[in-house]
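The values are calculated or read from the model by the stated rules, or taken from the named source; none is laboratory data. Given the structure is predicted, the values throughout are model-derived calculations rather than measurements. Note that we place each Cβ from the backbone using ideal geometry, even for glycine, and neighbour counts take in every protein chain shown. The area values use the complete protein model at the heavy-atom level, side chains included, leaving out ligands, DNA and RNA. Shrake-Rupley method; radii C 1.70, N 1.55, O 1.52, S 1.80 Å.
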Amino acid sequence: MTTTMTDAEKTKKLRKDVAPFAKSEKNKSIFQIFNTLTPLLTAWVLGFYLLQYSPWLTVACSVVAAGFVVRTFIIFHDCTHGSFFKSKKANDSIGFITGVLTSFPYEKWKREHTIHHATSSNLDKRGIGDIDMLTVEEYMEKSKLGRLGYRLYRNPFVMFGLGPLLMVLVLNRINRSDAKKKERINTHLTTLTMAVILGTLAWLTSVQAVLLVYGVTLFIAGSLGIWLFYIQHTYEDSYFEYDTEWDYVKAAVEGSSYYKLPKLLQWITGNIGFHHVHHLAPRVPNYHLEEAHKSIPPLQQATTITLSTSLESVRYKLYDPEHKKFVTFKEAEAIIQSRQKSSSKAA
C-alpha cells in the first residue's frame, strides 16, 4: 500500500533533504575569494593603465570588471546570510570588504535582505528589500498621476538605467529610520572608506579615470544585479499570496525562479540562478546551490527560465491575485474595464 505525504510532511522532508548542503567549506570559500577578487582588481588596474592609450580600452576593462563585481556581490551576499564561513567574524570582515568594493553597506543590506527572505511573495508584507510591485486592484485605486509614476518606475530604461545610479548614490548611502546604531555606523563607515579610496585614486590619476573605471563598472554591475533580482521573482506564474494563505516553502520554490544560464554566466553570477534553492535554505553557500538542485527532485520542479524566455518578463508590470499571475499593463486595463462593466450592470 502506498501512502500520500501531506504538505506538512513534504515540507519537513524537503528541508531535511537540503540541510546537508547548508555547510560552508573554508577552502572553497578562500579559493572563491582568490578567483574573484584577483581578476577584479587586475581589470581595474589595467583600466587605469590603458587609459593613456584609449578610453575604449579602459571601458572594455570596466565591462569585464563588472562581471567580477557581480560575483563579488555574491560573496558579500553569502556573508550576510552567515553562509560563506562558519565564523561570524570572518563573514563580517569579508562582508565589509566586499561591501566596499560593490558599494553596499554590510549591516544595512544584511538586515533588509533578511526581511526580504522572511516576507518574499507575501502581498501583505511588501516594501523592504523588494522591487516595488502593485496588484491590479492597487493600480486601479491610484490617481492618474500615481499610475504614471508607477509606469515610469517599471519602465526598463528607468529600472535598469536610472536604478543603478539611485541605488549606488542614494539608497546605499542612507539608513532607514528604524536602523540601529551599529547599522548606521557601518553604512557611514562604508561610504567614508569608499570616498577615501576613490578620492585617493582621483588624486593619483584623475576624476575622469575613476569615472571610467569604477563608475562604468558599478553602473553595468548595478544594472545586471537589478535584472537578476527582478527575474528571480517576476515571471508569469510566480507565487504571491496574502498573509493568511502565505507559505514559506511555496514562496521559495514557486515564488523564486531557476534561471538557467550558460556555464560562464552561471559562474560569474555565483550560481544565484538557483534562487529557489537559496530562498528555501539561505545558509547554503553559493557553491553548493547547483548540487542541491540536482540532488533533490522537488527542487527541479521550480519554474525554469532561460536567457531568451527571461526577456518576456520585462512585460509583466502588475500582479493579478485573482488569477495568480503577473499581467502586462494592457492586460490589466482589460481586466479593469471588464470589472467596471460588471459593476455597472450590477448597479
Report in % the part of the accessible area of the chain that belongs to carbon and sulfur, leaving out ligands and nucleic acids; probe 1.4 Å. 65 percent
Specify the residue with the greatest mean-square fluctuation among S310, S143, S103, computed from a Gaussian network of the chain linking alpha-carbon atoms under 10 Å apart. S143
I'd like the distance separating the alpha-carbon centroids of region 290-315 and region 250-279, in whole Å. 7 Å
GNM on the chain, Cα springs under 10 Å; top mean-square fluctuation among F34, F84, F229 goes to F34
For helix 7-18, what angle does its Cα long axis make with the longest principal axis of the chain, in degrees from 0 to 90 and rounded to 10? 20 degrees
Helix 55-80 vs. the chain, principal-axis angle (Cα, 0 to 90°, nearest 10): 60 degrees
Add -39500 (n - 2.57) for each DSSP H run of 4 or more in the chain, then divide by its residues: what number comes out at 222 nm, to the nearest 500 deg cm²/dmol? -18500 deg cm²/dmol
About its Cα centre, what dipole magnitude does the chain give when the only charges are +1 on Lys and Arg Cβ and -1 on Asp and Glu Cβ, stated in debye to the nearest 20? 580 debye
What shape does the chain take by its C-alpha gyration tensor, where a ≥ b ≥ c are the square roots of the eigenvalues and a/c under 1.5 counts as rounded, a/b above b/c as prolate, and the rest as oblate? oblate
Looks like region 150-248, by Cα gyration tensor root eigenvalues a ≥ b ≥ c and the a/c under 1.5 rounded cutoff (else prolate when a/b is bigger than b/c, oblate otherwise), is oblate
Stokes-Einstein D for region 176-326 (4 °C, 1.567 mPa s, Kirkwood Rh from Cα pairs), in µm²/s, comes to 71 µm²/s
GNM of the chain, Cα pairs under 10 angstrom: of T102, T205, T80, the biggest fluctuation goes to T205
Average accessible area per residue (Å²) across the chain - probe 1.4 Å, nucleic acids and ligands excluded: 52 Å²
For region 188-231, what is the convex hull volume of its Cα atoms per residue in Å³? 61 Å³
